[in-house]
Structures are given as C-alpha cells and as structure tokens.
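Engineer: This structure is in structure tokens; I'll ask about it shortly.
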Amino acid sequence: GKPKMDALGLTATTYIIADRVDSDPDTVTSAQLADAVASGWEIGGHAYSGAVHSASYEGVDEATATSDLTSLHGWLTTNYPDPTGRYSFAYPHGRYGDTTDGAAIESLVRQAGFKSGRTILSDVGESGHLQIAGVPEVMPYRIHATSSISELSNGQQDPTNLIATGGMIDKTASNDGGWLVLVFHRIVSGTPTATSEISQTDFDAIMDKIASTNLKVRPVREALNDHFAAITPDLQGQVWLKSVPRPFLNRPITVRALEETTRPSRTGVFEVVGRSLPVAVTDVRSSRRFALTVVTSTRADAKELDFVLASGDPMFLQVPPDVPELHLSQLHCVLDETTQVRINPHGSGTTFWTLPVIETAAPTPDVHGVTSTWESLIADFGSWQAVVAAFASWADVLDYVGSPESVIVA
C-alpha cells in the first residue's frame, strides 16, 4: 500500500505490535518503518506483546495491560521519538472497555502517555453512511474509524460503494466538519478471503478516489495536532464558576463574603466498658467545606446563575491570583443546597445567594465539555430541518454555543 500512497503524496499512521517487528517474513521490518518515517508517516502503537494483542486488553488484568502499554510507549519514544510528545494508539480488536479486573482501558492508555485511542466504531445503522470522527475530536481516546474495508463487506465498507459518486468519501469531501478514518489490515494481490483483507486493485482505487478530491490526508497525530492549542484564560480579576461538562454555563460571580472553612472529621471515639479512656479510630479529614455569599444585581444575572446551579454539574471554582482577599485557591467542587434572597422584590432585582461549596477530586478524563447538545439544538431551532438550514457545515454546528435555558429546561 505504501508505494501507491507515495506516488500520490499521501501519508498515514501505521499501528505496530512492537515485539513482532523483524520477527518473521510476514511482519513489518525495522527498515520498512524507517522508510515510512522518512516518507512522513507516523508510527503508532497497537500493543507491545503479540500475545497481549491476541487476548486484547479486555482479556488481561490491569497489571498486564499497564505493563504492556508502558513498554509500548517506551519503545515508541526510544525508536520513533516525536518532538511534540504525542503518540497515537489503536485498541487491539478495537476493544476499549475494561480489563478482566475492572480497570478502564481508556484511562490506562492515557496514563501510559498516549494522546489518542483509535477504535473500529463506524456503524450508524444505515448502509449509506459511516461514523466519522469530529473536528476537533472531543473524544480523542475513542476515535471512530472504519475497519473491514473489503469486497466481502457490505455498505460503505465495500470499496465499490465507498468510492462511488455520493459515497462516504464524497460525503466527507463535502463536509468540513468531519474526519473519515479508514483502517486497512492486509492488502493482497489476489482475491480477499476475509474482511480483514482488501485487494491491491480496490486499495489503489480508494487512494485514487481520495487523491481526486479536496480532502486533506494526515497521520492521526497531525490531524489531532491541528486542533490542539495552549490557552491561557484572562480572568480579568473576576472569580469564575465553571461547569466542567457544560462550559457554556460558565460565568463570573461577584463574591461578597467567604464564611469560615471547615474540614469534617472522620474520627470515631468509642467508650469502653470498665475503663475511663475511650478508644479513637482515626482517618484523614474530609475535604474543605465553606459557603460563598454571591450577589447578582439584575434579574437577568440572577436567571443565568440559577441555570448554572440548576444543572447540578461538577464545578470548577477559578480564583485569579490578584484577588488575595478571598484567601481561596481554585478547586473542583460540588454545590450543596443553595439559597437566594431578593433584597427588594419591587426594585432593581439585587439578589444574594448562599452557595455551600464541597471540595471534590477533579472529574475523570472521560468527562468532556460540550457547548451544546442535540436536545438543545432542537430546543433552540424548533426542528431538525431548521438546524440543517441554519448551519453550512458540521464545523459550524460544533462551534454553536447552546442557550443555558434550552439545555437545562429541555
């Protein structure tokens, strides 16, 4: 496949099982990988051990999976170092659930240092479509991709349908908000005998079709790098209350008072029959608890803050360093039962709020922020037809910031 792609100026990511390199005549060699790197290809990881790959990470325990992933990442950084420090991973057999003892494989991949995880999820239940990845990809450890591209497959996984006019390659070329990831396992000179095989003729036809469009072809790492950026927010001297899963609810708050901070004790003291001194059972204290008094000056401000509180989301309280009088650092938290009091019901609408804050651990990496939902789009525009008419591309849909009222009420 590489000679055809070289002729068309196309590059890709090849996912490697490390201990199979140079192992027998049917596996990739170090020289071939060096040639791929020289041609602009990315070397990604599939597994370190062939045995672990065969079992998949769902078929081994956490210790085995962690050891394999750590060895794989180390092998990549030693042999194929990347200046950006970004290494891509493809789940063996596309399986990304839990290990045999219940560890989340997506989390293990992230902890090992990989910046993405490619699945083989593509079926949308309709033969004319395939699931595409997002641009930018909001779930980099669950990248959708299409495998089993072969004349033995059906729908858009059949190369004839994939390259046909109006097929998925054409659909992707006409949509600047999608990323079609195609996976090829084995290219054969004759007739395929399994869906993991594609004929050289069909592979060449797919590459020619791609080259004839306006599609940009990138290795996975480059495609993701195009949409990563370091952002330093300017808090402008304001305290911010931020929803982790729904950042469009984020808003600055005016803090008037910070009550005393407590740490609930987990110590138990037990009286013992026949002795004066009790027995203590101790543990670390719980997290910080305190109440913020917040003021909103208008009815509109009060309404917006109420939507934030109504969400019930895990929150991030962000305090700028130039507000030392609060004696408070930024923290992840949840809010207990809140209260609000209108000072003058018939006047300006000034409202005082009491927000009981309970410090919590940061959410796990699988919690991703979104700026709208399908439900909020329908609530804001009235119908799916209206949504389609309002946006020129899926990229525009992705950029849309939903109404807090639509999200919470709907």
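Engineer: What distance in nm separates the two pseudo spin-label positions at His327 and Ala389, each 7 Å out from Cα along the beta-carbon direction?
Structural biologist: 5.9 nm
Engineer: Turning to a different aspect of this structure: Using a Förster radius of 41 Å, what is the FRET efficiency between Asp170 and Thr360 based on their Cβ-Cβ separation? Nearest 0.05, please.
Structural biologist: That gives a FRET efficiency of 0.30.
Engineer: Using the Cβ atoms and a cut-off under 9 Å, what net charge is assigned to the surroundings of Ser88, where Lys and Arg are +1 and Asp and Glu are -1?
Structural biologist: Result for the local shell: +3.
Engineer: Then there's this: For the pair Glu151 and Asp208, what calculated FRET efficiency results from E = 1/(1 + (r/R0)^6), where r is the Cβ-Cβ distance and R0 = 22 Å, to the nearest 0.05?
Structural biologist: 0.85
Engineer: Once amide H atoms are placed 1.01 Å from N in the peptide plane, what residues at a sequence separation of 5 or more from Trp179, or on another chain, have their amide H within under 5 Å of its amide H?
Structural biologist: Ala133
Engineer: Please give the FRET efficiency for Asn225 paired with Val279, using the beta carbon to beta carbon distance and R0 = 45 Å, rounded to the nearest 0.05.
Structural biologist: So, using R0 = 45 Å, E works out to roughly 0.15.
Engineer: Volume per residue, Å³, of the convex hull around the alpha-carbon atoms of region 239-359?
Structural biologist: Output value, Cα hull per residue: 151 Å³.
Engineer: So, in the chain, how many Lys pairs have Cα atoms under 29 Å apart, if the pair is 8 or more places apart or on different chains?
Structural biologist: Within the chain, the lysine pair count is 14.
Engineer: With label points built 7 Å along Cα→Cβ from the Cα atoms of Asp35 and Thr191, find their separation and express it in nm.
Structural biologist: 3.0 nm
Engineer: Among Val37, Val279, Val295, which one moves the most in a GNM of the chain with springs linking Cα atoms closer than 10 Å?
Structural biologist: Val279
Engineer: Where in the chain are the helices, taken as whole DSSP H runs, whose Cα atoms extend 20 angstrom or more along the long axis and whose Kyte-Doolittle mean reaches at least -1.0?
Structural biologist: 62-79
Engineer: Related question: Asp6 to Ala310: extension gain in nm, 0.36 nm per residue of separation minus the Cα-Cα distance?
Structural biologist: Gain on extension, Asp6 to Ala310, equals 103.9 nm.
Any read-out appearing in this document is the output of simple, stated calculations on the displayed coordinates, not a laboratory observation. Treat the numbers as computed from the prediction; the structure is a model and nothing was measured. Don't worry about glycine lacking a Cβ; one is built from the backbone with ideal geometry, like all the others, and counts go over all protein chains shown.
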